[in-house]
Every structure is written in structure tokens, then in C-alpha cells.
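A quick write-up on the structure given underneath.
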Amino acid sequence: MLVIRRKSGEVLLIGRDVQIEVLEVTGSQVKLGVTAPKDVLIMRKEVHITRQQNAAASAEISSLELARLAEQFCK
């Protein structure tokens, strides 16, 4: 992990196309602004994890439901 200290108004560059600007620092919170091409997905990590968990849960439910339906047709 790279750790960089930045002050409000300073910018980090990631590659050629992504900029992260520190907009505001108040107490324990930092407000960031991200500038990136539209094809670059930007998402909070907790949202990404929730999406993965929901996808896994729906796939599991679908498999269980399919097995239940198969049992009904085999009777």
C-alpha cells in the first residue's frame, strides 16, 4: 500500500487519466473528488463488497430454487 499525505487542494494522479483531488479535510473525514474517463468504474469498496455478496446470494437462491423445481417435475 502506498501512503501519501496530501493537503486540501492537492491532487494525486493515477495513470494518465485519473485524478484524485483532496477537496476538504475536517476532523476525521476527507472529501475527495475523482476525475476519470466515463469507462472507468469508480465505486466505494463497501458498495462493491455488497454487490458481490448480493450476486452470490442470488446465484445460491437460484440454484436452490432450480433444484426444488426439478424435484417437482420428477415426481
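Details
- Within the stretch 17-45, residues that are free of Cβ contacts under 8 Å to residues at least 12 places away in the same chain have Cβ atoms under 6 Å from residues that are part of a strand (DSSP E or B) in these pairs: LYS31/LEU23; LYS31/GLU24; ILE42/VAL34, counting only partners at least 6 apart in sequence or on another chain.
- Tally of residues being farther than 11 Å from GLY33 by Cα and surrounded by 11 or more Cβ atoms within 10 Å (Cβ to Cβ) across the stretch 12-21: 2
- Only one of the listed residues (ILE20, ILE49, ILE42) is at pLDDT 85 or above and assigned to a loop (DSSP other than H, G, I, E, B). That residue is ILE42.
- Under the condition of being of a type outside the set (D, E, K, R) and within 30 Å of ARG5 (Cα to Cα), the residues counted in the stretch 16-72 number 25.
- Among the candidates GLY27, GLY9, the residue that is modelled with pLDDT of 95 or more, exposed (fewer than 11 other Cβ atoms within 10 Å of the Cβ) and on the phi > 0 side of the Ramachandran plot is uniquely GLY9.
The values are calculated or read from the model by the stated rules, or taken from the named source; none is laboratory data. Not measured: the values here are computed from a predicted model. Note: ideal-geometry Cβ built from the backbone for every residue, glycine included; neighbour counts use all protein chains shown.
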